[in-house]
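In what follows, a structure is listed as structure tokens, so that the remarks can point back to it.
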Amino acid sequence: MMTNIETTPAEQMLGRLLPTRRTESFHYTDLRSLIREFPAPVITPETGGDNYKRIVDASRLPIFDGKFFDALKDELPAGVTLVQDVERPAANGLDDTLLAINGLGESDAFGVVIEGDATSEKPLGLAHMANSAGLTNVYHNVTVKPGANACVIDRYVSSDGIAHVSSAVVDLSIEKGATANWIIIQEENTDATRLARLNISLAENADLNVFILNAGGKLVRQEINVVVSGENANLDIKGVNLIGGNSHVDVTTVLAHSVPNTTSNQLFRNIMTGQGKGVFQGQIKVHQIAQKTDAKMACNTLLLSDDAAFYAKPELEIFADDVICGHGATVTELEDDHLFYLMARGIKERTARALLVEAFVDEVVEELESEPLIEALEEIIARWLEKNG
Amino acid sequence: MLEIKDLHATIADTDTEIIKGLNLTVQAGEVAAIMGPNGSGKSTLSYILAGRDDYEVTSGDILFNGESILEMDPSERASAGVFLAFQYPMEIPGVATMQFLKVAMNEQRKARGQEELKTPEFIRLVKAAAGDLDISMEMLKRPLNVGFSGGEKKRAEILQMKLLEPKLCVLDETDSGLDIDALKIVSEGVNALRSPDRATVVITHYQRLLDYIVPDSVHVLSKGKIVKTGDKELAKELEANGYANIIAAAA
Ligand SMILES: Nc1ncnc2c1ncn2[C@@H]1O[C@H](COP(=O)(O)OP(=O)(O)OP(=O)(O)O)[C@@H](O)[C@H]1O
Ligand SMILES: [Mg+2]
């Protein structure tokens, strides 16, 4: 385990370049004040770890402390090709701090190409596990080929008590007529900092479902940038953010509909406990030529603690006239009536609350297609609630 | 089994007194009917029995098997054997009916020191009880009460009662919203639970229900008090003449 971390001038400089609330998109997530000490990269990754468990039957690509361990991987499903050492996108000067951070140290950059539909039966797992304190980075470039049908579980877990800062940048391209489920599961420890970006491009007739579960981390910034650039493409983003303790979780999406006849639907359900802080920023840009765009966005928060707070900021920039765009954000508390009804049947208050809280997020989880995956996610959620509810 | 002694209760938020010195005793094995005009406090009384915290008991006591239940929360009362079939059962989105039934049954069993039910046994019990009440298993796959028709909700309440086997059953206008066949089915369900160690309180406006569930005693509730008590003939008299005379006589 890495114990001896020294911050070098490069990291110190980066720390100073982190965006502050003065940058509009970081208004609610002032990284410079939230990340006090920027650690040096982990040099010797460590494999294994108690929390490195399987949740569903998947072909896993193990990535420990940001490093891919080819020898430990499961057999690849048919149609999946790995491309080692892909070129990562260049940081645009130091303007984009995340890309600059992502390029530090010996982090891995590898690509995955998916053809056919083998992974829709048995998903491909990008199994990220942090075992060492320090900075780890990973870059993936994933292409789902025309007509393919893919399911990828992009999961982030860490050993308990390890203060790590991890960045992940993923470029995901869904090509013509391809269908994909992209599942992000973040269950890092409560000392972890995660800076993540998922860049998506959708070609003609592409159909992508993104599901994201945040059930861990101390500071999480998950960006999702999408360019819907092929006609008749459809994007669905569903998310569950479980935010408690002193965690700060920010999900920021930027969707550009740049051609006619595309649809997008975003739905987030957030549970706030303790002194959690949550942020959802959803920007939808509809290009002038993107007629018949149908873009919807909803963000519903269940506030279980007076000390927790959630900030939702929708932003619509619409330059076409024949479009349907809608957004809604709600913040509610548990209904006393519902609680009474359950308790009047002999269900203890704690259990009754848990049932109602789970119901609030299960409505989203249950829309996934895979039954084993639904069960696995519900179990993670139940475990989180047990600890934080 | 149930003794309500000079009970006074207010709406917790506003201090408005709704129950104003109510006395009622129901013996084990007894079926007591409570009748009374709209707004007289019947549902309020049922909620107070179940432990809803929108109401505050300001004086008096409620004894269940000789012990005060005022300090118990709703789940403790339910586990002790108090069951309220709601006048307006609530819809609870996202909570699957079957999951709810299983959790409720097992929590009560746990509270009583019994072993939890295994899934096959649970399913068997639910199927049998649902069959008796003409409830489809399809309906039970939906979220709790969500989109159930008025009558379906009432049947679902009785299903829960059958499965939970309470000692004190309080039925708040279970007959409203039921069609004629359903009224019969539900009444049979209630009668099947009649036993020497179980008491039932039936709140209703209509003799029709009491033709099926024949009461041992009938109590008239008016303005937060029981103003008259009689046998099943009292209900018939009310049906024929209304409340005016009785309430005027009591005042
Ligand atoms: N939470 C509350 N807030 C305000 N008023 C209330 C509340 N609960 C009950 N009340 C009032 O108390 C009175 C008694 O209501 P309750 O529902 O107990 O009547 P009821 O006898 O069941 O009538 P019904 O026959 O119409 O069902 C009514 O005037 C009602 O408006
Ligand atoms: Mg009533």
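The values are calculated or read from the model by the stated rules, or taken from the named source; none is laboratory data. The model shown is predicted, which means the values in this text are computed figures rather than measured ones. Using ideal geometry, Cβ is built from the backbone for each residue, glycine included, and neighbour counts are taken over all protein chains shown. SASA here: full protein model, heavy atoms, side chains in, ligands and nucleic acids out. Shrake-Rupley method; radii C 1.70, N 1.55, O 1.52, S 1.80 Å.
Quick notes on this one:
- Residues of the range B:108-124 that are out of contact with any helix residue (DSSP H, G or I) (no Cβ under 6 Å at 6 or more places or on another chain) and in a helix (DSSP H, G or I): B:Arg109, B:Lys110, B:Thr119, B:Pro120, B:Glu121, B:Ile123, B:Arg124.
- Considering (1) part of a helix (DSSP H, G or I); (2) within 29 Å of B:Ile92 (Cβ to Cβ); (3) within 16 Å of ligand 1 (Cβ to nearest atom), the lone condition that B:Asn191 does not fulfil carries the number (3).
- Of the residues making up the range A:50-85, those that are part of a loop (DSSP other than H, G, I, E, B) and over 22 Å from the mean Cα position of the chain (by Cα) are A:Asp50, A:Phe69, A:Lys73, A:Asp74, A:Glu75, A:Leu76, A:Pro77, A:Ala78, A:Gly79, A:Gln84, A:Asp85.
- Residue that is surrounded by the fewest Cβ atoms within 10 Å (Cβ to Cβ) [pool: residues in the range B:41-51 that are within 16 Å of ligand 2 (Cβ to nearest atom) and closer than 23 Å to B:Leu144 by Cβ]: B:Ser43
- Screening the range B:31-40 for residues that are under 12 Å from the mean Cα position of the chain (by Cα) and within 16 Å of ligand 1 (Cβ to nearest atom) and picking the one that is surrounded by the most Cβ atoms within 10 Å (Cβ to Cβ) gives B:Ala33.
- Among residues of the range A:171-188, those that are surrounded by fewer than 20 Cβ atoms within 10 Å (Cβ to Cβ), more than 25 Å from A:Ala100 (Cβ to Cβ) and either under 16 Å from the mean Cα position of the chain (by Cα) or aromatic (Phe, Trp, Tyr) (or both), counted: 0
- Being more than 14 Å from ligand 2 (Cβ to nearest atom) and touching a strand residue (DSSP E or B) at 6+ places or on another chain (Cβ under 9 Å) holds for only one residue in B:Leu70, B:Leu84, and it is B:Leu70.
- The set of residues in the range A:286-328 that are charged (D, E, K, R) and either free of Cβ contacts under 8 Å to residues at least 24 places away in the same chain or within 14 Å of another protein chain (Cβ to nearest Cβ) (or both) contains only A:Asp306.
Residues are listed down the side, and each one gets a yes or a no for (1) modelled with pLDDT of 90 or more; (2) among the hydrophobic types (A, V, I, L, M, F, W, C); (3) closer than 14 Å to B:Gly81 by Cα:
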residue: B:Gly94; (1), (2), (3): no, no, no
residue: B:Arg124; (1), (2), (3): yes, no, no
residue: B:Ala130; (1), (2), (3): yes, yes, no
residue: B:Glu138; (1), (2), (3): yes, no, no
residue: B:Asn145; (1), (2), (3): yes, no, no
residue: B:Phe148; (1), (2), (3): yes, yes, no
residue: B:Val170; (1), (2), (3): yes, yes, yes
residue: B:Ser176; (1), (2), (3): no, no, no
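- Restricting the range B:79-96 to residues that are facing another protein chain (nearest Cβ under 7 Å) and open to solvent by 10 Å² or more (accessible area, probe 1.4 Å) leaves a set whose member that is nearest to B:Ala28 (Cα to Cα) is B:Ser79.
- Checking B:Val201 against (1) more than 16 Å from ligand 1 (Cβ to nearest atom); (2) modelled with pLDDT of 95 or more, the condition it does not meet: (1)
- For the range A:106-115, the set of residues classified as more than 20 Å from the chain's Cα centre (by Cα) and modelled with pLDDT of 95 or more consists of A:Val113, A:Ile114, A:Glu115, listed by residue number.
- Members of the range A:329-358 that are within 10 Å of chain B (Cβ to nearest Cβ) and surrounded by fewer than 17 Cβ atoms within 10 Å (Cβ to Cβ): A:Glu335, A:Asp336, A:Asp337, A:Glu349, A:Arg350
- Screening A:Asp50 against (1) surrounded by fewer than 17 Cβ atoms within 10 Å (Cβ to Cβ); (2) in contact with a strand residue (DSSP E or B) (Cβ under 8 Å, 6 or more places away or on another chain) leaves a single unmet condition, (2).
- The listed residue being more than 14 Å from ligand 1 (Cβ to nearest atom) and either in contact (Cβ under 8 Å) with a residue 60 or more places away in the chain or within 14 Å of chain A (Cβ to nearest Cβ) (or both), out of B:Glu71, B:Glu67, B:Glu76: B:Glu76
- Among the conditions (1) open to solvent by 30 Å² or more (accessible area, probe 1.4 Å); (2) more than 14 Å from chain A (Cβ to nearest Cβ), the only one that B:Phe122 does not satisfy is (1).
- The single condition from (1) at pLDDT 95 or above; (2) touching a Lys or Arg at 6+ places or on another chain (Cβ under 7 Å); (3) open to solvent by less than 60 Å² (accessible area, probe 1.4 Å) that A:Gly326 fails is (1).
- Pairs with Cβ under 8 Å, 6+ apart, first in the range B:45-56 and more than 20 Å from B:Cys169 (Cβ to Cβ) and of a type in the set (Val, Ile, Thr), second modelled with pLDDT of 95 or more and assigned to a loop (DSSP other than H, G, I, E, B): none
- Of the listed requirements (1) touching a Ser or Thr at 6+ places or on another chain (Cβ under 8 Å); (2) open to solvent by 30 Å² or more (accessible area, probe 1.4 Å), A:Ile162 misses just one: (2).
- Selection count, the range A:127-151, where residues are within 17 Å of A:Val83 (Cβ to Cβ) and part of a strand (DSSP E or B): 8
- Scanning the range B:1-22 for residues that are over 20 Å from the mean Cα position of the chain (by Cα), open to solvent by 40 Å² or more (accessible area, probe 1.4 Å) and more than 14 Å from ligand 1 (Cβ to nearest atom) turns up just one, B:Asp6.
- Checked against (1) in a strand (DSSP E or B); (2) farther than 27 Å from A:Glu175 by Cα; (3) of a type in the set (D, E, K, R), A:Asp154 passes all but a single condition, namely (2).
- Unmet requirement for B:Ser68, which otherwise passes all of (1) at pLDDT 95 or above; (2) open to solvent by less than 50 Å² (accessible area, probe 1.4 Å): (2)
Residue by residue, here is whether (1) open to solvent by 10 Å² or more (accessible area, probe 1.4 Å); (2) within 14 Å of another protein chain (Cβ to nearest Cβ) holds:
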{"position": "B:Thr25", "(1), (2)": "yes, no"}
{"position": "B:Gly29", "(1), (2)": "yes, no"}
{"position": "B:Asp53", "(1), (2)": "yes, yes"}
{"position": "B:Ile62", "(1), (2)": "no, no"}
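- One residue stands out among those in the range B:167-188 that are within 19 Å of B:Ile34 (Cα to Cα) and away from ligand 2 (no atom under 16 Å from the Cβ): the one that is surrounded by the most Cβ atoms within 10 Å (Cβ to Cβ), which is B:Val186.
- Listed conditions (1) within 12 Å of chain B (Cβ to nearest Cβ); (2) touching a strand residue (DSSP E or B) at 6+ places or on another chain (Cβ under 6 Å); (3) open to solvent by 70 Å² or more (accessible area, probe 1.4 Å) are all met by A:Val361, apart from (3).
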